[in-house]
Amino acid sequence: MIYTFRNFRNVEYFAFGRGTFDRLDEILAPRRKGRDSYVVFLVDDVFQDKPLRERIPLKGNDQLIWVSVEEEPTTGMVDYYRDEIQAFADSLPDAVIGIGGGSVMDYAKAVSLMLTNPGSSATYQGLDLIKNPGVFKVCIPTLSGTGAEVSMTTVLSGPEKKLGIKCDYTMPDQVVLDPELTEGVPRDQRFYTGMDCTIHAVECLTGTWRNAYSDAFAEKSLALCREVFLENGDSSPEADEKLMIASYLGGMSVTYSQVGVCHALSYGLSFVLHTRHGLANCIAFNRLEDVYPEGVRDFHAMLEKQGIELPEGLSEGLSDVQLDLMVDTAFKLEHMWDHAFGKGWREEVSPEWIRELFLRM
Ligand code: NAD
Ligand code: ZN
């Protein structure tokens, strides 16, 4: 292990179990400061006409914002929701609660920070640029895999780059893990986001930053993903629980290690083609058999077992400008290359090689 001193914060409170969502009112009660105060719920609009809507414990002054995740989070939309909250009330909310997949959880994390830090969220993309702690933030996943519920970053596409706002303050203060909430996820989406988790584990375990702490989480996370996706893969109470915990463990493993080649390429795809994170990872990972032989072998078995067909020919019709931007986006993610290949990564990784990989997708 390459020793680097780092001192991490963790989630302060977490609750796990089927039906836990119905205790949300109780969980929020100690955060509510008074009769006139309020909390903000950011909820994936897929639930607008689902029974979950009626189960959100709204009180008198609370604000409910339906979030569209047709596009994954952008700095522009983070600023927009922040402005909407500031227009709604003169005071800060007591909590910001994100209910949804990685996208909504990342919105909740970012909006919480932008309520207490001036300016546009685009100016904070990077490491430790946030000055003030955010509002108390609660993440409630309805889709398992990203690990956003336990990560110290919120991934945003900005005008110039796709990059997280990463710092201690980004970590959620409270997590509510209720596997029942993931029941209605479409099968292919469940697979793609589940593969995000599988790939987090493979990348954490294969690189120079790995260590016993990260390995322990990644190994168990990967074992759970294999149980779910090399078996029948359908949603069931047992499988949903396993996948939710795999996601959580995957997030924990990334904290003390790092993602690698697949994520670097996937960020390039998403930034230029707006491909969703889970799918972009699958498309990239599919071509990385030389870098992650075992992981990709498993992945191919999972694809087959689950009957998932990935889109092909993605690079056809790409302009040179688009391809250059993709390569540039990926190449700039130095920490990922550093983890994958070590300090001397520039000797192994060239923009030409990255370009070739994209052309095979
Ligand atoms: P997502 O949140 O973008 O949602 C994907 C789709 O699933 C959406 O259409 C959504 O409406 C739908 N969905 C969610 N829950 C559902 C449910 N219970 N029933 C039916 N449909 C449901 O997908 P994701 O893969 O969870 O998140 C991807 C995002 O997470 C990306 O923006 C990525 O950058 C981010 N991410 C963040 C981190 C982090 O550490 N912060 C890590 C990995 C990925
Ligand atoms: Zn990921």
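The values are calculated or read from the model by the stated rules, or taken from the named source; none is laboratory data. Only a predicted model underlies this, so the values are computations on that prediction, with no experimental measurement involved. Protein only, heavy atoms only, side chains kept; ligands, DNA and RNA dropped before computing areas. Shrake-Rupley method; radii C 1.70, N 1.55, O 1.52, S 1.80 Å.
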Of Arg32, Arg360, which has the most accessible area with a 1.4 Å probe, and how do the rest follow in descending order?
Arg360, Arg32
How many angstrom lie between the Cα centre of the range 1-79 and the Cα centre of the range 209-230?
27
From the helices alone, meaning DSSP H stretches of at least four residues, give me the mean residue ellipticity at 222 nm for the chain, per-run term -39500 (n - 2.57), in deg cm²/dmol to the nearest 500.
-13500 deg cm²/dmol
Using the Karplus equation 6.51 cos²θ - 1.76 cosθ + 1.60 (θ = phi - 60°), what ³J(HN,Hα) coupling, rounded to whole Hz, does each residue of the range 38-45 give in order, writing x for Gly and Pro?
8, 10, 10, 9, 9, 10, 3, 6
Across Gly145, Gly317, Gly207, the residue with the highest GNM fluctuation in the chain (Cα network, 10 Å cutoff) is Gly317
With the full set of protein chains in place, find how many percent of the accessible area of the range 134-206 is carbon and sulfur; take the probe as 1.4 Å.
52
By accessible area of protein heavy atoms, probe 1.4 Å, what ranking do Glu334, Glu160 get, highest first?
Glu160, Glu334
Per residue of the range 98-105, in order, report the coupling 6.51 cos²θ - 1.76 cosθ + 1.60 (Karplus, θ = phi - 60°) as ³J(HN,Hα) in whole Hz, putting x for Gly and Pro.
x, 10, x, x, x, 5, 5, 4
Cα convex hull of the range 186-245, projected area averaged across orientations, nm²
3.9
In what sequence, largest accessible area first, do Arg190, Arg53, Arg297, Arg287 appear using a 1.4 Å probe?
Arg297, Arg53, Arg287, Arg190
Got a sec to turn the phi values of the range 310-324 into Karplus ³J(HN,Hα) couplings, 6.51 cos²θ - 1.76 cosθ + 1.60 with θ = phi - 60°, whole Hz, x for Gly and Pro?
7, x, 10, x, 4, 7, 5, x, 6, 7, 4, 4, 5, 5, 4
Can you give the accessible area of Ile99, probe radius 1.4 Å, in Å² rounded to 10?
0
Shape descriptors of the range 252-361 over alpha-carbon atoms, Rg and Dmax in angstrom, are 13.8, 39
Would you compute the Debye intensity of the range 55-94 from its alpha-carbon atoms alone, equal scatterers and no solvent, and pass along log10 I(q)/I(0) at q = 0.28 Å⁻¹ to two decimals?
-1.06
For the pairs Lys109/Lys343; Lys131/Lys161; Lys109/Lys131, flag any whose C-alpha to C-alpha distance is greater than 25 Å.
Lys109/Lys343
Between Ala95 and residues 5 or more places away or on another chain, the pairs with built amide H atoms under 5 Å apart involve Val40
What is the range 213-361's relative contact order, in percent, from Cα pairs under 8 angstrom and six or more apart in sequence?
28
List the pair-distance distribution P(r) of the range 203-312, using every Cα-Cα distance, as the percent of pairs falling in each 10 Å bin from 0 up to the bin containing the longest distance, rounded to whole percents.
14, 42, 39, 5
Long-range HN-HN contacts of Phe16 with modeled amide H, under 5 Å:
Leu177
For Thr170, what accessible surface area do you get with a 1.4 Å probe? Give it in Å², rounded to 10.
0
Report relative contact order for the chain in percent, whole number only (criteria: Cα-Cα under 8 Å, sequence separation at least 6).
15
Under 5 Å between amide hydrogens, which residues at least 5 positions from Leu156 or on another chain qualify, with H placed 1.01 Å from N in the peptide plane?
Leu163, Gly164, Ile165
Return one whole number: the accessible area per residue of the chain in Å², for a 1.4 Å probe.
43
Could you pull the Cα extents of the chain along its three principal axes, largest to smallest, in whole Å?
60, 44, 44
